[in-house]
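Report on the structure given below.
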Amino acid sequence: MAATCNPHDGIGENCGLFGIFGDNDAAKKTYFGLHSLQHRGQESAGIATSNGEVIQCYTGMGMVSRVFRSGNGILEKLSNPVAIGHVRYSTTGTSKASNYQPLLAEYSRGQVAIAHNGNLINAQLLRDEYEAYGSIFKSTSDTEIIIHLLAKPTHISKLDPLGHVLNHLQGAYSLLFLFDNRIEAARDPYGIRPLCIGKTSEGAYVVASETCAFDIIGAEFIREINPGEIVTLNKNGLSSRFFVSPETVRPAHCIFEHVYFAKQSSTIFGENVHQFRKKLGRQLAVEHPAEADVVIPVPDSGTSAAIGYAEKSKIPFDMGLVRSHYIGRTFISPEQIQRELEVKLKLAIVKEAVDGKRIVVVDDSIVRGTTTRGKIRALRQAGAKKIHMRVSCPPIRFPCFYGVDFPTKEELLANNRNLQEIKEFLEVDSIGYISLEGLLSCAVLPADHYCTACWSGKYVIPVDVTFNKVSLERYQLHLFDEPDA
Ligand code: SF4
């Protein structure tokens with residue numbers, strides 16, 4: 001498994017989606033929308049637009065500001081009234097140009113561009129089937145199979161071809177489809193990844209992974225797309241249909257979105273992310289109190305929980321770790337980055353805030369534990385007298401197969417260690433994780449409306465545990481293994 005580009009010692013973000021119908025500045029609005037979703041993926045970015053007849057698409061490696069940098073004229077060339085965009089972190093298929101999204105294709109019904117957030121757990125099976133009949137794939141991404149499903153003549157002839165195709169998919173998928181005259185936005189029957197609808201003051205409809213993308217362009221949040229729903233945006237406005245029967249809809253939202261991925265300003269799964277994380281911090285303080293002088297967060301995603309912990313425990317909050325926001329990931333792929341070096345670049349210690357003090361360090365999660373231990377050692381060097389580690393999610397023991405790039409089970413710190421061993425590994429004076437029950441008690445939806453598999457091991461969709469982000473790469477490798485004719 002590749003190293004990842006974040007200070008969380010091993011969790012890769014997933015992907016971000018944005019779409020807008022009926023705005024003369026659609027490409028520029030998409031650019032800004034993707035900017036606000038940049039935290040969901042930094043490997044590549046892309047925008048596809050339509051003028052009603054032809055779809056144009058541009059993708060590139062790196063962050064949005066690099067791919068569509070000022071002066072390169074790409075946004076001007078993409079100037080059309082309908083657009084979808086994507087920021088990517090590879091959860092299936094490695095970081096290479098053929099895997100960048102939106103994926104653009106032509107088939108018998110015209111052009112289509114697709115942007116996907118999630119992981120299709122039956123992608124390999126479907127691909128094997130299609131290849132057996134002669135289909136040729138150009139990427140190693142799981143998303144490409146959707147194009148082949150759409151193009152199949154027996155699927156095209158169905159009353160609702162797209163709905164029919166979606167019924168072939170298993171796993172997590174929030175999807176945007178750009179056809180010449182419309183956008184179709186769909187969410188899997190479990191609603192694992194978020195997807196929201198909004199409207200601009202000029203009357204254009206927008207869709208995005210998180211509501212923070214609406215804020216930046218002044219759009220108003222209308223509602224979330226329901227699990228199993230397809231929403232169509234076209235010249236007649238917005239319409240909706242379901243591609244599964246209601247009894248098969250079983251919400252299993254990824255609660256890790258709330259804990260770590262989503263931006264604090266976003267509202268997803270019915271609740272603002274910052275407020276939710278503060279509740280986690282308060283619950284953590286109840287479950288795992290500590291005698292300390294100061295509460296410090298691991299920024300940024302641990303900050304809200306640390307505020308909640310400080311509020312409830314009445315221990316002063318301070319910034320003992322400061323994150324640098326000026327480290328770009330533009331030219332660095334997950335395969336290249338040295339995780340520990342990146343953490344050093346990203347987090348600086350404020351000696352004055354920790355020297356001689358008993359501190360509570362609040363983080364949202366611990367994955368491998370190596371970088372957390374690095375932070376703990378740095379805090380000790382800066383003079384911290386006692387360090388109490390508090391974590392606003394339970395111990396992560398199982399990998400994710402639904403669109404989040406976790407390390408393998410063996411690499412997870414909590415996989416085969418008890419609390420005492422974790423405490424010793426991290427070199428802390430005490431360790432306290434929020435309980436799963438405590439975590440779920442903070443959520444606004446019923447407990448069974450969330451996926452908790454990375455803590456509980458209970459996967460709502462049965463998974464082939466041998467599948468990982470590079471499973472489809474074997475096709476690529478095969479090409480190189482073949483001797484010259
Ligand atoms: S396994 Fe964990 S990260 Fe993956 S969808 Fe479920 S809760 Fe989210």
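Here, each number is a calculation from the coordinates, and none is a lab measurement. Please read all numbers here as calculations on a predicted model, not as lab measurements. Positions of Cβ are generated from backbone atoms using ideal geometry, with glycine treated the same way; all protein chains shown enter the neighbour counts.
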Checking the cross-link filter: which lysines have an alpha carbon closer than 29 Å to that of K312, excluding same-chain neighbours under 8 positions apart?
K263, K278, K279, K346, K351, K357, K375, K385, K386, K423
Show me the ranking of peptides 268-278, 150-160 by mean Cβ neighbours inside 10 Å, starting with the highest.
268-278, 150-160
Among 193-200, 101-108, how do they line up by average Cβ neighbours within 10 Å per residue, starting with the highest?
193-200, 101-108
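Could you compute the FRET efficiency for E271 and E437, with r as their C-beta to C-beta distance and R0 at 25 Å, rounded to 0.05?
Result of the calculation: an efficiency of 0.90.
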Using alpha carbons only, how many degrees (0 to 90, rounded to 10) separate the axis of helix 273-287 from the longest principal axis of the chain?
30 degrees
On the principal axes of its Cα set, how long, how wide and how thick is the chain? Give whole Å, largest value first.
69, 58, 51
Please report the relative contact order for the chain, taking Cα pairs under 8 Å with a sequence separation of at least 6, and give it as a percent rounded to a whole number.
17 percent
Pop a pseudo-label 7 angstrom from the Cα along the beta-carbon direction at both K458 and Y133 and give the gap in nm to one decimal.
3.8 nm
Whole-number D in µm²/s for the range 356-426 (Stokes-Einstein; Kirkwood sum over Cα pairs; 25 °C, 0.890 mPa s)
188 µm²/s
Quick one: order F21, F179 by neighbouring beta-carbon count within 10 Å, fewest to most.
F179, F21
Which of the aspartates and glutamates could a cross-linker bridge to K28, judged by Cα under 12 Å and excluding same-chain residues fewer than eight apart?
E76
Could you give the distance between the Cα centres of the range 297-312 and the range 252-279, to the whole Å?
14 Å
Please list 163-172, 432-441, 22-31 highest first by mean number of surrounding beta-carbon atoms within 10 Å per residue.
22-31, 163-172, 432-441
The range 127-159 and the range 393-466 have their Cα centres apart by a whole-number Å value of 35 Å
Here the FRET efficiency for E424 versus R323, based on Cβ atoms and R0 = 30 Å and rounded to 0.05, is 0.65
Using 0.36 nm times the number of residues separating K199 and V286, minus their current alpha carbon distance, what extension gain do you get?
27.3 nm
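Ranked by Cβ crowding within 10 angstrom, fewest neighbours first, how are V231, V298 ordered? Don't skip to the answer; put the middle values down first.
Values: V231 20, V298 26.
Result, fewest neighbours first: V231, V298.
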On the principal axes of its Cα set, how long, how wide and how thick is the range 26-80? Give whole Å, largest value first.
32, 21, 16
Using the basic label-point model (7 angstrom from Cα toward the beta carbon), what is the D160 to T248 distance in nanometres?
1.1 nm
Rotationally averaged projected area of the range 86-145 (alpha carbon convex hull; nm²)
4.3 nm²
Order of Y309, Y89 under a 10 Å beta carbon neighbour criterion, fewest first
Y89, Y309
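Working out 0.36 nm times the residue gap between A97 and S240, then minus their Cα-Cα distance, what length gain in nm do you get to one decimal?
Between A97 and S240, full extension yields 48.1 nm more.
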Of all the Cα-Cα pairs you can form in the range 69-222, what percent are over 27 Å apart?
25 percent
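Taking only DSSP H segments of four or more residues, each worth -39500 (n - 2.57), what value at 222 nm results for the chain once the sum is divided by all its residues, to the nearest 500 deg cm²/dmol?
-7000 deg cm²/dmol
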Given 10 °C, 1.306 mPa s and a Kirkwood radius over Cα pairs, the Stokes-Einstein diffusion coefficient of the range 401-454 in µm²/s is 117 µm²/s
Return an integer: the convex hull volume of the alpha-carbon atoms of the range 283-324, in Å³ per residue.
58 Å³
Would you list, by chain and number, the lysines whose Cα falls below 20 Å from the Cα of K152, excluding same-chain residues fewer than 8 positions away?
K138
